[in-house]
Amino acid sequence: MLTLDAMAPGLVAGRWTIDPAHSEITFTVRHLMTTVRGSFPDFAGEAHIADDPFGSSARAEIQLASLDTRNADRDAHVRSPDFLDVERHPRMTFTSTGVERATVGRRARTPRFHVDGELAVRGVTRPVRLLAEYHGVSEDPWGGVRAGFTATTEISRRDFGIEFNIPLQGDKMVLGDSIAIQLEIQFVQAA
């Protein structure tokens, strides 16, 4: 069995909470021939790191009304029932179901893990797999201890019942189905 220190040097078992001021959740989606980027600045979450790193867990909640694509009209449309239906489904949640060492990027300088979980959007829950990269632990200027992670995944919006689109000539559509999600997360060790 691999120890926590061997898998994620410096990380200790216990409860860690997301610092939203130093973290971000972003996404990209194809629109015609380009990519549109957006973020969800209002979110919270925590991780429970176990002595056996594969017994660790995480949970996050994102307030969907905080959606920001830098275009107010587009944001209003994405919040509407055509897409996220924020009035009826104000939150997106992620709950982990397992952690394992990633088989990709073995030569990477930082440890990588697959974090499996359940993502709930618009009342639909689907399994997702995040590829998470551990960046280490450091003391902060305020006497706390922080750990950094990057995580990525891709989801199909149709899997969550988000079907809206505008057809173009032939079999093309205005919007792509695939949503790429990236998380830059700074956790703070709980007292």
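PRO41 meets all of the listed conditions (1) free of Cβ contacts under 8 Å to residues at least 60 places away in the same chain; (2) touching a Ser or Thr at 6+ places or on another chain (Cβ under 9 Å); (3) farther than 24 Å from GLU118 by Cβ but one, namely (3). The strands (runs of 3 or more DSSP E) falling completely within the range 117-191 that include 3 or more residues that are surrounded by 15 or more Cβ atoms within 10 Å (Cβ to Cβ) and free of Cβ contacts under 8 Å to residues at least 40 places away in the same chain map to 124-139, 145-156.
Would you pick out the residues in the range 37-50 that are open to solvent by 50 Å² or more (accessible area, probe 1.4 Å) and farther than 21 Å from LEU11 by Cβ? ARG37, PRO41, ASP42, listed by residue number.
Taken as a whole, the structure places THR34 among residues that are modelled with pLDDT under 95 and either open to solvent by less than 20 Å² (accessible area, probe 1.4 Å) or closer than 24 Å to GLY176 by Cβ (or both). If we keep just the residues of the range 10-30 that are open to solvent by 70 Å² or more (accessible area, probe 1.4 Å) and in contact (Cβ under 8 Å) with a residue 40 or more places away in the chain, which is farthest from ALA147 (Cα to Cα)? By that ranking, first place goes to ARG30. Looking across ARG74, ARG59, ARG101, one residue alone is at pLDDT below 95, touching a Gly at 6+ places or on another chain (Cβ under 9 Å) and open to solvent by 60 Å² or more (accessible area, probe 1.4 Å). It is ARG74. Does ASP68 count as under 17 Å from VAL36 (Cα atoms) and either open to solvent by 30 Å² or more (accessible area, probe 1.4 Å) or modelled with pLDDT of 95 or more (or both)? Yes, satisfied.
Residue-level analysis places ARG91 among those that are open to solvent by 70 Å² or more (accessible area, probe 1.4 Å) and under 15 Å from the mean Cα position of the chain (by Cα).
Taking the criterion of being among the aliphatic types (A, V, I, L, M) and either part of a helix (DSSP H, G or I) or within 21 Å of GLN186 (Cα to Cα) (or both), the residues of the range 55-93 that qualify are ALA58, ALA60, ILE62, LEU64, ALA65, LEU67, ALA72, ALA76, VAL78, MET92.
Checking the range 111-122 against the condition returns a match, with at least one residue being under 27 Å from ASP85 (Cβ atoms) and in contact with a His (Cβ under 8 Å, 6 or more places away or on another chain).
In the range 104-116, the residue that is modelled with the highest pLDDT out of those that are in a loop (DSSP other than H, G, I, E, B) and closer than 20 Å to GLY10 by Cα is PRO111.
The values are calculated or read from the model by the stated rules, or taken from the named source; none is laboratory data. These numbers come from a predicted model, not from an experiment. All Cβ positions, glycine included, derive from the backbone under ideal geometry; neighbour counts span all protein chains shown. Side chains included, ligands, DNA and RNA excluded: accessible areas come from the protein's heavy atoms. Shrake-Rupley method; radii C 1.70, N 1.55, O 1.52, S 1.80 Å.
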